[in-house]
1. Of the conditions (1) touching a Ser or Thr at 6+ places or on another chain (Cβ under 7 Å); (2) within 30 Å of Pro121 (Cα to Cα), Ile240 fails just one. Which one is it?
2. May I ask you to say which residue of Ala711, Ala743, Ala706 is surrounded by fewer than 16 Cβ atoms within 10 Å (Cβ to Cβ) and part of a strand (DSSP E or B)?
3. Do we find a residue being touching a residue at least 24 places away in the same chain (Cβ under 8 Å) and at positive phi anywhere in segment 220-227?
4. List the number of the failed condition for Ser732; all other conditions in (1) of a type in the set (Ser, Thr, Tyr); (2) farther than 30 Å from Tyr574 by Cβ; (3) at pLDDT below 85; (4) buried (at least 17 other Cβ atoms within 10 Å of the Cβ) hold.
5. Working carefully through the options Val558, Val554, find the one that is β-branched (Val, Ile, Thr), surrounded by 14 or more Cβ atoms within 10 Å (Cβ to Cβ) and either in contact with a strand residue (DSSP E or B) (Cβ under 8 Å, 6 or more places away or on another chain) or under 21 Å from Arg630 (Cβ atoms) (or both).
6. Any residue that is open to solvent by 50 Å² or more (accessible area, probe 1.4 Å), free of Cβ contacts under 8 Å to residues at least 24 places away in the same chain and outside any helix (DSSP H, G or I) - is there at least one of those in segment 370-386?
7. Considering only residues that are within 17 Å of His64 (Cβ to Cβ) and not in a loop (DSSP other than H, G, I, E, B), look in segment 148-176 and name the one that is least open to solvent (accessible area, probe 1.4 Å).
8. What is the one condition in (1) under 37 Å from the mean Cα position of the chain (by Cα); (2) within 17 Å of Ser135 (Cα to Cα) that Gly55 does not satisfy?
Amino acid sequence: MIGIAGKILVGSSFALALGALIYYFFAAKNDRDDLLKVGNILFGLKGVLLLAASGVLVWLIFQHQFQYYYVFNYTSSDLQSKYLFSAFYGGQEGSFMLWILFSTLFGFGLMKWTRVPYKAPVLFFLTLTQLFLLSMILGFDLGAFKLGASPFRTIAEEMPNAPFLQANPDFVPENGRGLNDLLKSPWMMIHPPILFVGFSMMTIPFCFALAALWKKKYNDWVGPALPWTLASNVALLTAIFLGGYWAYVTLSFGGFWAWDPVENASLVPWLIGTAGIHTMIIQRKSSVAQKSSILFAILAYMMIVYETFLTRSGILADSSVHSFVDLGLYNQLLAFMLVITGVGLGMFFWRYKELPTPKKESKILSREFMTISGAVLLFVLGIVIILGTSSPIVGLIFYDNPTPPEISFYNDWSMPIAILMALLTVLGQYLFWRKQDAESLSNALINPLIATSVVTMLAIFLGNVRDPYYMLYYFAGFFAIIGNGWVMVSILRKQPKLFGGTITHIGFGSLLIGALASSVFVTPLIDQQTEAYNETIKRGEAFDEQGFQITQPVSMLVLKLDQPKIVGEYIATYEGYTIQNQNRPGQQTYAIKFEPLNGGQPFYLNPEVYPMMSTSTQENIQWSVDPDVRSGIMSDIYLYVAGSAFVEQQNMKLEKNNGSPFQPASMNGEDQGTEQPDSMATRTLIFTRGQSSQLGSFKFRFVNYAKADSAELPSGTILGVRAEIEVTNPGSGQVDTIEPLFAVYSQDGNSYTYTPPVTVPSYDFDVQFTRINPETDTIELTIAGLGEEFEEEWVTIVAEKKPFISVVWLGTFFMMIGFSVSILRHWEREKSKNS
């Protein structure tokens with residue numbers, strides 16, 4: 001019943017949004033304040049009902065109402081409360097709801113702060129975008145015509161032909177599928193909401209640009225739109241940072257960016273939005289670039305809609321590891337994209353001839369030329385990324401199964417553009433604050449150029465840089481930092497409120513330096529033997545068993561339990577692992593100790609390995625890893641587990657048990673005799689009470705004798721006793737206690753022994769109590785199935801030293817600070833105009 005209420009609330013929100021759209025249209029067309037007020041009321045009611053619908057969905061999630069498909073698909077009964085709440089926006093339907101809620105909240109801000117004549121048309125276009133987003137969660141099903149996917153649909157509605165539902169129409173699963181294990185991260189709890197804040201705010205400059213085109217007011221719109229544009233860029237930049245840091249500390253590709261379509265979905269609008277910020281500032285300063293400002297405002301939101309189509313329609317399901325599952329919204333998303341593109345570009349070109357044109361071209365050495373050139377470079381970089389992201393779709397014209405471009409495609413194009421942008425940030429700042437000619441500009445740049453050259457040469461020498469391309473890249477990055485820093489010092493002396501642009505550009509330069517250093521100049525932490533082997537590979541002297549030359553150096557390091565190895569400037573020791581099931585069933589946390597050779601303080605890294613339950617099958621376990629990072633000012637140590645004895649054991653157990661992961665093989669206690677299959681390796685241990693014995697990586701301890709239950713003994717038993725045995729795995733520290741049985745019974749005048757094997761609960765090997773020797777008070781245990789994989793406890797790790805990764809995060813923070821300072825300055829100016 002409550003699910004039906006949720007559907008009604010969403011449907012009513014859609015109807016109210018449609019009504020608000022109509023009222024806003026006629027209010028904008030006829031300049032009617034009374035119609036505007038009615039539209040505002042309908043818009044507000046729509047927001048209230050959608051908020052109530054969101055509350056219903058959150059309640060269903062927290063109450064574990066697994067009869068609803070969304071709850072079943074993204075949650076489970078053992079999911080922690082913090083992740084239950086994040087499951088609200090973990091799927092497509094919930095994320096659309098969150099997007100609309102934020103957009104509605106900012107709509108209230110527009111009602112209060114937007115001036116006539118922009119208010120009604122801005123709210124009209126905002127409501128138009130919300131109408132499309134609301135249609136995605138309507139869930140109307142009229143047979144041949146379907147509109148949206150409701151978050152309140154039941155499993156019966158989602159899978160009407162499922163056999164288990166036909167047998168039991170009231171079937172309710174006992175548990176849900178649970179949240180994707182990769183999303184169980186505090187960073188991913190924060191990242192999506194901030195991303196949708198950015199998406200929602202980026203709608204507002206789009207709406208202002210269209211309102212300016214509608215009302216033929218081509219200049220004044222920049223003032224109120226600029227703070228919103230800056231705020232949306234701060235939100236998107238923050239989301240990019242959080243997503244990058246999550247990828248760095250959660251995924252094993254060892255970096256913070258992989259050029260995945262979902263990553264690009266936030267980067268491209270940010271790039272074009274930043275280009276729009278530059279042209280808006282120039283338009284406000286010099287009354288030029290009206291066309292560029294309007295076009296970039298339109299394109300930035302178009303890119304959000306386009307990337308939404310790419311990542312949510314299922315069209316890139318084979319090209320992106322992050323893409324959402326197709327919910328049948330392809331046609332709706334395509335219509336959304338076409339309407340936004342048609343309305344935006346259609347109105348732009350409709351008014352194109354009426355848009356102001358500069359009376360004369362700007363000089364090359366002018367703030368207008370430099371700022372617009374920087375904006376064009378940002379736009380070009382965005383286009384390059386869009387082309388790369390869209391290549392699997394374009395490739396369908398020529399190939400059956402096109403593949404996405406290699407990362408090198410993006411790197412090869414983005415690096416030269418980034419170098420040019422870094423150089424232009426300095427030239428643009430020098431020309432922005434003061435008119436310059438060639439001579440005065442040259443004189444002003446002498447000191448920054450000398451300082452940049454010195455710092456660059458030091459970096460080249462200390463970093464052993466040999467590639468001329470990287471040298472130029474370093475020079476551009478340091479020039480952006482030093483040159484903008486020179487300007488910032490001058491600004492802070494005279495007008496400290498105006499330093500936002502310079503600190504943003506300093507952050508950009510820092511980001512470039514950190515990105516190159518942490519990606520290209522990574523040092524693998526390997527032992528001396530592996531280093532020597534890699535040298536033979538480099539010399540072309542290493543060959544495999546077939547005689548082919550080996551070209552790939554070894555980056556992995558094998559550590560055996562409690563056997564230290566010298567790796568780089570550290571002594572690394574594997575000290576075992578622990579198993580925890582709280583967050584993820586079967587999760588292992590490994591302990592790797594690092595001791596600096598220079599006598600510094602030892603430290604531990606604790607990478608994790610866990611089975612991906614959502615993608616593992618009865619035939620195959622999909623293992624995933626959580627790296628661990630030791631952060632430092634100059635460099636990070638980044639480490640993840642590439643393999644271990646435990647993982648190998650679990651894979652072998654799965655194969656042996658014909659598809660029962662994490663379930664030990666069991667043997668029937670009624671089997672008599674001591675024979676074991678020939679394929680099983682057997683070992684024998686003899687010890688007295690209290691004595692321990694080591695076998696492979698396991699320690700066995702005979703604690704004491706234990707009483708045997710008569711019901712478990714065969715008839716005619718003469719002697720029946722159990723032995724209490726502790727089995728310890730030093731690698732994990734886990735202790736299992738078993739009590740194997742030894743019995744002697746008489747049958748037909750003959751004596752027999754009955755020693756059924758007992759399986760150690762956590763491991764796939766058996767223990768039999770095979771003999772008692774009263775004279776020496778010892779017992780004999782036979783261990784069966786303890787093969788070579790248990791001989792030694794080991795782990796394979798990939799450890800890297802990443803220089804200056806902290807500079808990436810520092811540069812991002814500087815950019816956030818710069819944008820935020822600019823927001824406050826432009827917001828104060830707009831408030832003074834309103835007052």
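1. It is condition (2) that Ile240 fails.
2. Values: Ala711 fails: part of a strand (DSSP E or B); Ala743 fails: surrounded by fewer than 16 Cβ atoms within 10 Å (Cβ to Cβ).
Going through Ala711, Ala743, Ala706 in turn, the sole match is Ala706.
3. For segment 220-227, residues touching a residue at least 24 places away in the same chain (Cβ under 8 Å) and at positive phi: absent.
4. Ser732 satisfies all of (1) of a type in the set (Ser, Thr, Tyr); (2) farther than 30 Å from Tyr574 by Cβ; (3) at pLDDT below 85; (4) buried (at least 17 other Cβ atoms within 10 Å of the Cβ) except (2).
5. Numbers: Val554 fails: either in contact with a strand residue (DSSP E or B) (Cβ under 8 Å, 6 or more places away or on another chain) or under 21 Å from Arg630 (Cβ atoms) (or both).
Answer to the selection: Val558.
6. No.
7. Filtering first and then ranking leaves Ile155.
8. (2)
The values are calculated or read from the model by the stated rules, or taken from the named source; none is laboratory data. If you're wondering where the values come from, they're calculated on a predicted model, not measured in any experiment. Here Cβ is always computed from backbone atoms with ideal geometry, including for glycine, and neighbour counts include all displayed protein chains. Note: areas computed on protein heavy atoms with side chains; ligands, DNA, RNA excluded. Shrake-Rupley method; radii C 1.70, N 1.55, O 1.52, S 1.80 Å.
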